[in-house]
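To start, the structure itself, in structure tokens.
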Amino acid sequence: MIHSLAAAMSNQLQNTSSLSTAGTWNLLDVRNSSPVRTTELRPLPVSPWDIALCVTGTLISCENAIVIAILFYTPTLRAPMFILIGSLAFADLLAGLGLILNFVFIYMLNTEFVTLISVGMLIAAFSASVLNILAITVDRYLSLYNALTYHTERTVTFTYVVVVLIWLVCITLGLLPVLGWNCLRDEASCSICRPVTKNNAVVLAVTFLLVFALMMQLYLQICKIAFRHAQQIAVQHQFMAISTTKGVSTLSVILCTFAVCWMPFAMYSIVADSSYPMIYTYATVLPATCNSVINPIIYAYRNPDIQKSLWLACCGCVPSNFSLRPRTSSDV
């Protein structure tokens, strides 16, 4: 979705470079019977923004591939919260791979069909990332609101059903450009992310704002419940109170990071169109992709169970000063 905006600019640069190369070749051919190939001296220009997005995609892919490998090869990490973390990591992994493939497609295989496929992949991946974050937020709210019945109601099967529904919705969104919801035949209707139409971009951006508003409402409720519980059990169960407060603090970081990364791009998608300078689009797209870099750090690598599995996988042992505290329903 977001990296294909460079296709038009790249095509223009490539055509200009090809014309310049052809002209130089003819000129040298008149003067010298053994001209120097100008294509070797003047490679096709590559946007530094595209390079930054490709590097970001590589980092996203590596981080989330490690998370998925840990969850897959550790049988003890099969609780519902780890299923949601794994689904989020898989979504971010696809987003990272999509950024890398889009870079390759733009500068090597720039065709309409390939553009639609890569855009659909990015729409599905980033939509799944956002919806999985929402699902984790809802899960954390329910773990506090229904603390006594949470573990019986939120079964592994129920969580798998939720994950499947999320991916069905996101795959449907990703297929829309391929099914004709694109601006390849009407450039005037393009949004800042070609070939997504302006109307579709606005719908996606408004949906994101609604998702964020729901997350904020859930966050406020979590704060009220968590601090009320902390006051009630602070004396007898100080450890649980600290754990609850830590979970709320973590969720604050999650929501602030989510807003800082995605809000500029969502707002800009609503007000801007394809006639706006591309530099502004790149400046809002890059922070949005960085959210997928931060997600595994917040959700996975801070979890003590995943930390233990990572230590065992890398070093074959766990540090003596490592304390694996019991999981509670308030953990994020």
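The values are calculated or read from the model by the stated rules, or taken from the named source; none is laboratory data. All values derive from a computational prediction rather than experimental measurement. Every residue, glycine as well, gets a Cβ built from its backbone with ideal geometry; the counts of neighbours run over all protein chains shown. With ligands, DNA and RNA removed, areas are computed over all heavy atoms of the protein, side chains included. Shrake-Rupley method; radii C 1.70, N 1.55, O 1.52, S 1.80 Å.
Entry remark, the range 156-180: residues being part of a loop (DSSP other than H, G, I, E, B) and surrounded by fewer than 14 Cβ atoms within 10 Å (Cβ to Cβ) number 3 in total. Taken over the range 73-87, residues that are open to solvent by 50 Å² or more (accessible area, probe 1.4 Å) and either out of contact with any helix residue (DSSP H, G or I) (no Cβ under 8 Å at 6 or more places or on another chain) or modelled with pLDDT of 95 or more (or both) amount to 1.
Candidates are the residues of the range 205-257 that are small (G, A, S) and open to solvent by 40 Å² or more (accessible area, probe 1.4 Å); the one that is modelled with the highest pLDDT is A213. Note on the range 51-72: among residues that are open to solvent by 10 Å² or more (accessible area, probe 1.4 Å) and among the small types (G, A, S), the one that is farthest from Y160 (Cα to Cα) is A52.
Taken over the range 297-332, the criterion of being open to solvent by 20 Å² or more (accessible area, probe 1.4 Å), at pLDDT 65 or above and of a type in the set (A, V, I, L, M, F, W, C) is satisfied by I297, L310, W311, L312, A313, C314, C315, C317, V318. Would you check if T137 is assigned to a helix (DSSP H, G or I), surrounded by 13 or more Cβ atoms within 10 Å (Cβ to Cβ) and at pLDDT below 90? Answer is yes for this residue. The residues in the range 249-278 that are free of Cβ contacts under 8 Å to residues at least 40 places away in the same chain and not polar (S, T, N, Q) can be counted, and the count is 6. Of the residues in the range 275-296, at least one is farther than 23 Å from V55 by Cα, open to solvent by 50 Å² or more (accessible area, probe 1.4 Å), at pLDDT 85 or above and of a type in the set (S, T, N, Q).
Conditions (1) more than 19 Å from L176 (Cβ to Cβ); (2) in contact with a Gly (Cβ under 6 Å, 6 or more places away or on another chain); (3) modelled with pLDDT of 90 or more, marked per residue:
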| position | (1), (2), (3) |
| --- | --- |
| A91 | no, no, yes |
| G96 | yes, yes, yes |
| L109 | yes, no, no |
| V162 | yes, no, yes |
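Of the residues making up the range 262-274, those that are open to solvent by 10 Å² or more (accessible area, probe 1.4 Å) and under 27 Å from I222 (Cβ atoms) are W262, M263, P264, F265, M267.
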